[in-house]
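S.K.: Attaching a single structure in structure tokens format; questions to follow.
The values are calculated or read from the model by the stated rules, or taken from the named source; none is laboratory data. The shown structure was predicted, so the numbers you read here are calculated from the model rather than taken from an experiment. Positions of Cβ are generated from backbone atoms using ideal geometry, with glycine treated the same way; all protein chains shown enter the neighbour counts. Areas reflect the complete protein model, heavy atoms only, side chains present, ligands, DNA and RNA absent. Shrake-Rupley method; radii C 1.70, N 1.55, O 1.52, S 1.80 Å.
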Amino acid sequence: MKLLLFLFITSTFYCQNSFNSEDMKVIRSEIETNIYPKDSTANALVIYEFGNSYIKKDNYNLKTEIKRKLKILNRNGFKQANIVIPLYKKGNNAEKISDITATTYNIENGKVTQVKLEKSAIFEENYDENHTLAKFTFPNIKEGSVITYSYTLESPYIYKYKDWEFQSDIPKLYSEYNTSIPANYEYNIKLVGTLKLIRNEQKLVKNCLSNFNGAYADCTNTVYAMKDIPAFVDEEYMTTKSNYLSRIEYELKIFRSFDGRVDNITKSWKDADKELKTNQNIGRQLIKNTSLDGLLATVITNKTNKLSTAKEIYKFVQDNYTWNGDYRVLSDVSVKNLIKEKSGNNTEINILLHNLLDEQGIDVKPVLVSTRANGLPTKLYPIISEFNYLIVQATIDGQTYLLDATNKFLSFGTLPFKCLNQYGRLLDFKNGSQWIDIEANNHSSKQYRVDLKLSDNATITGTSENKYTGYNALPKKEKYFANPSDYIEKTADVQSNITILDHKVHTTEKDDEQFEETYQIELDNSSANATQIYLNPFIYKFFSENPFKLQERTYPIDFGFKDAYFYSFKLDLGDAYEVVESPKDINGKLPNDTGDIILQTKVINNQIMIFFKVSFKEAIYNSEYYDVLKTYIRKIIDVQSNSLIVLKKKS
């Protein structure tokens, strides 16, 4: 044991000293070393990177100098030698790149060689109306190569200070970003992600920027740095990686000109509310008269019951207006066009729902949200462009409901899964907007009830009753109502070698909160008539494989909603067989009672009964739960894959 520990420490120490992560100088051991013990899956490694941004004194443009040194560990890392640098442009203004240098280092015939990038190998291409791409590829790339490159960016867009990404899809040993910001530029600065800075140092530099009229400004110079940064790897049960990728972002808040002028660039929510209230795509649409009273007269059955009225209006909008798939908030929103065309974007549909409910005296307000794939909006200051979706909040008899009428399979009060992104901004133009939590309001579960009988000749037949609730019911309903006969023939949730007969679906409405089905089943028992029968009781599997495979995960596990799985199995043994072996009971919990796993087996009156329950009591688990969740699901898979009932024929 001591020897193994010594070897591990020696290997780690050797590896750390093989790389020079203090500057751009390439040392021989960096080229010779082809391992990175902290991440055996890494194909490449950033050894050192450095950025420096400051305002130029002559034209007040933002200048950024960037340097990087990388190690190519294997052939799969060759793509890191293809460099693409986006440059923004608008009108006559454009970002510019200069001073590009790049060198490839190898060991050939025992000597360190260098191949420099030719200027002719650097080119720019137009990507779209607002972007040009500067591109080059390193020469003489091999497994083990070390590459270095540097360049300078100059940008006239000072309102958007240069962001810095500490984390990327490959690990980094050291990343440092230096900034110099004059006092007349005031930015909102946001550190995103869970990784910690090892350096966050500031100092004041006097008279760093001046004007011809004698005015001047002091600068705040800051150094940010991280080391031993793990690669960011996408995995299941997460929102967009932009929520978690460790980086620094800037948004210009106030600009103070040398002539005394002050521009408030970033508005307060009070200012944003005023603008949204008069905006033709939001505020003005929210007060549009729908002129649909005649149609609703045949829809609303009891105007005195507000909840009943709200549900009937909700279903009316669902059934009569189709979402065209467009995400709009501040462009191309017209309730009038939606009513005419019967099809429109998500904001049009939900504003129509809002207005119809409002016309019936129901307390409603719009809510701006950002979908899971779009990222979390910042709470520090209003950036309306970060929102890409609009839903409706209705308050009825003291109960609050969040509504979205774009999906015909959603039940009243259930949001699309894509909207379960923690929080949204409730727009209240009388009392001021506010943040509200966006959470699933109903329980989601999968329930299987299997009731079987073993005949004297060892055939096993019976029934399966399956129920899916909440978000687990949605995909089932969508498949079934799209083509009922095709669903019954092909897409029933069968995960084992069984034959299905007399399949019936008991759910009749698209917007039901649950989906129920039953069918007769016959197991393929290859050991029929044998003296012993070996049977796995789990003909349905909750997880086919473990979704958690990373060595380390630095971002939360976001299921979106709380979930539970239930499996009930009963086998009537008849008179010919008896139980020799059955699964052992389990009773376990996740830390802080955030989930449980229960397996119970009973043999009563020649019947074997198994109950299996798994629950996730939180919609979101922080990264500290990752290892235990990985073990938890591994145990679930083990129970369902390796549980065994052994039956013996009576003599």
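S.K.: Grab the Cα-Cα distance for TYR237 and LYS635, subtract it from 0.36 nm times how many residues apart they are, and report the gain in nm with one decimal.
M.R.: Between TYR237 and LYS635, full extension yields 141.4 nm more.
S.K.: Then there's this: Rounded to the nearest 0.05, what FRET efficiency is calculated for GLU22 and ASN188 with R0 set to 35 Å and r the Cβ-Cβ distance?
M.R.: With R0 = 35 Å, the Cβ-Cβ based efficiency is 0.65.
S.K.: Take every DSSP beta bridge with both residues inside the chain and express the antiparallel ones as a percent of the total, to the nearest 5.
M.R.: That works out to approximately 90 percent antiparallel.
S.K.: So, with +1 on the Cβ of K and R and -1 on the Cβ of D and E, and no other charges, what is the size of the charge dipole of the chain about its Cα centre, to the nearest 20 debye?
M.R.: The dipole of the chain has a size of about 1420 debye.
S.K.: Any idea what angle helix 346-359 forms with the longest principal axis of the chain, computed on alpha-carbon atoms, 0 to 90 degrees, nearest 10?
M.R.: 70
S.K.: Something else: Just to verify a number: FRET efficiency for ASP397 and THR499, C-beta to C-beta distance, R0 = 45 Å, to 0.05?
M.R.: According to the calculation, E is roughly 0.35.
S.K.: Need one number for region 522-651: average projected area of the convex hull over its C-alpha atoms, nm².
M.R.: 9.2
S.K.: Considering the options TYR314, TRP435, TYR127, tell which one lies farthest towards the positive end of the dipole of the chain, charges being +1 on Lys and Arg and -1 on Asp and Glu at the Cβ, about the Cα centre.
M.R.: TYR127
S.K.: Mind checking the per residue accessible area of region 164-265 for me, 1.4 Å probe, whole number of Å²?
M.R.: Here the residues of region 164-265 average 48 Å² of exposed surface.
S.K.: So what is log10(I(q)/I(0)) for region 387-445 at q = 0.29 1/Å, when the Debye sum runs over its Cα atoms only?
M.R.: Ignoring solvent entirely, the Cα scatterers give -1.49.
S.K.: Still on this structure, please answer the following. Counting Lys +1, Arg +1, Asp -1, Glu -1, what net charge surrounds ILE610 among other residues with beta carbon under 9 Å of its beta carbon?
M.R.: Overall, the nearby charge balance is +2.
S.K.: Now, a different point. Residue separation times 0.36 nm, minus the C-alpha to C-alpha distance between ASP572 and ASP326: what's the value?
M.R.: Here the segment from ASP572 to ASP326 would lengthen by 83.2 nm.
S.K.: Above 18 angstrom, tally the Cα pairs of region 222-336 and express them as a % of all pairs, no decimals.
M.R.: That fraction is 76 percent.
S.K.: Express in nm, to one decimal, how much length is gained between THR298 and LYS650 on full extension, taking 0.36 nm for each residue of separation and deducting their alpha carbon distance.
M.R.: Computed gain between THR298 and LYS650 is 119.9 nm.
S.K.: Semi-axes, largest first, in whole Å: what does sqrt of 5 times each Cα gyration tensor eigenvalue give for region 561-636?
M.R.: In descending order, the three semi-axes are 33, 12, 8 Å.
S.K.: Here is a further query. Sketch the reach of a paramagnetic label on ILE383 as a point 7 Å from Cα along Cα-to-Cβ, and name the residues of region 157-173 whose backbone nitrogen lies under 17 Å away.
M.R.: Flagged as within label range: 157-167.
S.K.: Continuing with the same structure: Among rounded, prolate and oblate, which fits region 55-166 when a ≥ b ≥ c are the square roots of the eigenvalues of its C-alpha gyration tensor, a/c under 1.5 means rounded, and a/b larger than b/c means prolate?
M.R.: prolate
S.K.: Suppose each label sits 7 Å from its Cα in the direction of the beta carbon; what would the LYS584-ASN622 distance come out to in nanometres?
M.R.: 3.5
S.K.: Still on this structure, please answer the following. Excluding ASN106 itself, what net charge comes from residues whose Cβ is under 14 Å from its Cβ, given Lys and Arg +1 and Asp and Glu -1?
M.R.: +1
S.K.: Give me D for the chain in µm² s⁻¹, whole number, from Stokes-Einstein with Rh from the Kirkwood sum over alpha-carbon pairs, 4 °C and 1.567 mPa s.
M.R.: Once the numbers are plugged in, D ends up at 43 µm²/s.
S.K.: So, for region 354-472, what is the accessible surface per residue at a probe of 1.4 Å, expressed in square angstrom?
M.R.: So region 354-472 comes to 37 Å² accessible per residue, rounded to a whole number.
S.K.: Can I ask one more? What number do you get for region 58-101 when its Cα radius of gyration is normalised by 2.2 N^0.38 Å, N = residues?
M.R.: Cα Rg divided by the expected 2.2 N^0.38 Å: 1.62.
S.K.: I would also like to ask the following. What is the mean projected area of the alpha carbon convex hull for region 318-393, to one decimal in square nanometres?
M.R.: 5.7
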